[in-house]
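For reference, the structure discussed in these notes is given below.
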Amino acid sequence: MAGRGGAVAGSGRRRLAGLLGAVALAAALALAGCGADGGDAAGTSAADAPAGGAEQGAQPGAAEVPLAGGGEPQAGQPAKEPATDLGVGQRAIVYTGSVTVRVDDVAAAAARAVGIVSGAGGFVGGDDRSSDASRSEATLQLRVPADRFSAVVDEIARLGEQLRREVKSDDVTEETLDLDARIATQKARVESGRRLLAQAKSLSELVMLESELAKREADLASLEAKKRRLADLTALSTVTAILLGPNAQVPEDDEPATGFLAGLEGGWKAFVVSLRVLLTVLGALLPWAVGLGLPVLGVVWLLRRLRRRRSRPGPSAPPRTAPTVPAQASAPPD
């Protein structure tokens, strides 16, 4: 009985040990599974983090930036300044030119120049002509479309002998974009002022809002006028055509000359101007000198004359002569 009891006890221990081992193995597997699940969850959240951040960045009211290709604006990007890296054809450029030509007949050449401009779709903005027995010349201010600027200048230069040509270009793209932005902002301010004016509840508010709205509308009108002027300058270029007859002199350059002769000429002109100023001052003072100087000289002359009369001695008695004593006869010598 004792041996049988021991065998039963040993068998129970083995079963308990096996059960404990199974439980331990199951616990280990469970822990491993939990760790794997946690790692996957962490990896998933980390992978999803950029998408979540992007969704948070795209909030309502975020600034929208237009695409370079003209597509829809992208949300979630900060507003940027208008791009100015445009092509030559997209930039706002003001062209101005001047060409001086010597011709045989100024009137005929001017008529041909007007015909050239009219054919290019432009017009004459100014016409100044002068003629006499010795010379004749004409100065025409021509407005031509910007895309025909170079062609018109070349055609006018072929009217005769070209003496001088000057062409300038001014890029006003930045100014145009700035005006567009300011006009848009000012329009929004005007609309805001009109809404506030409609909601005015008292006379003082009405007067104040009307004054502010009038000021905003005036600023908007000024900006729009500048924009129209700039658009006119960019759409129509200006060409100054100077047509000289056979005996007319070429206009001098505006640039000042330099060198010894230029300095000598400038010094002589300054001397002549100074001399003219001095003579002008003397001429202005001469009437005062005559009007005041002669009476003063007369008074001085009278005072001197009176002093001389006072300083003269009065009439004196004739000098007394001592009585003469007759000389005694000298005794004859012994």
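The values are calculated or read from the model by the stated rules, or taken from the named source; none is laboratory data. Owing to the predicted nature of the structure, the values given are computational and were not obtained by experimental measurement. Neighbour counts run over all protein chains shown; Cβ positions are idealised from the backbone, glycine included. Heads up: the accessible areas ignore ligands, DNA and RNA and are worked out on the full protein's heavy atoms, side chains in. Shrake-Rupley method; radii C 1.70, N 1.55, O 1.52, S 1.80 Å.
For (1) within 21 Å of ASP180 (Cβ to Cβ); (2) open to solvent by 80 Å² or more (accessible area, probe 1.4 Å); (3) at pLDDT below 90, each residue gets a yes or a no:
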| position | (1), (2), (3) |
| --- | --- |
| ALA214 | no, no, no |
| GLU224 | yes, no, no |
| ARG229 | yes, yes, no |
| ASP232 | yes, no, yes |
| ALA241 | no, no, no |
| GLN249 | no, yes, yes |
Among the residues listed as ALA110, ALA83, the single one being modelled with pLDDT of 90 or more and out of contact with any helix residue (DSSP H, G or I) (no Cβ under 7 Å at 6 or more places or on another chain): ALA110
Residue hits (the range 156-167; open to solvent by 60 Å² or more (accessible area, probe 1.4 Å) and over 30 Å from the mean Cα position of the chain (by Cα)) are ARG158, GLU161, GLN162, LEU163
Pair list, Cβ under 6 Å, 6 or more apart: the range 115-136 residue in contact (Cβ under 8 Å) with a residue 60 or more places away in the chain, other residue in a strand (DSSP E or B) and surrounded by fewer than 15 Cβ atoms within 10 Å (Cβ to Cβ): GLY125/GLN141
Can you find a residue in the range 196-209 that is within 30 Å of VAL117 (Cβ to Cβ) and either of a type outside the set (Gly, Ala, Ser) or in a helix (DSSP H, G or I) (or both)? no
Kindly indicate whether any position in the range 183-204 is at pLDDT 90 or above and closer than 30 Å to PRO145 by Cα. yes
I'd like to know if the range 144-153 contains one or more residues that are hydrophobic (A, V, I, L, M, F, W, C), modelled with pLDDT under 90 and either within 27 Å of VAL117 (Cβ to Cβ) or within 35 Å of the chain's Cα centre (by Cα) (or both). yes
Those residues of the range 168-181 which are part of a helix (DSSP H, G or I) and either more than 26 Å from LEU223 (Cα to Cα) or open to solvent by less than 80 Å² (accessible area, probe 1.4 Å) (or both) amount to THR173, THR176, LEU177, ASP178, LEU179, ASP180, ALA181
Just one of ARG165, ARG216 is part of a helix (DSSP H, G or I) and out of contact with any Asp or Glu (no Cβ under 9 Å at 6 or more places or on another chain); which is it? ARG216
Got a number for residues in the range 140-172 being closer than 21 Å to LEU233 by Cβ and of a type in the set (Asp, Glu)? 4
Could you say which residue among THR185, THR258, THR234, THR173 is of a type in the set (S, T, N, Q) and within 30 Å of ALA111 (Cβ to Cβ)? THR234
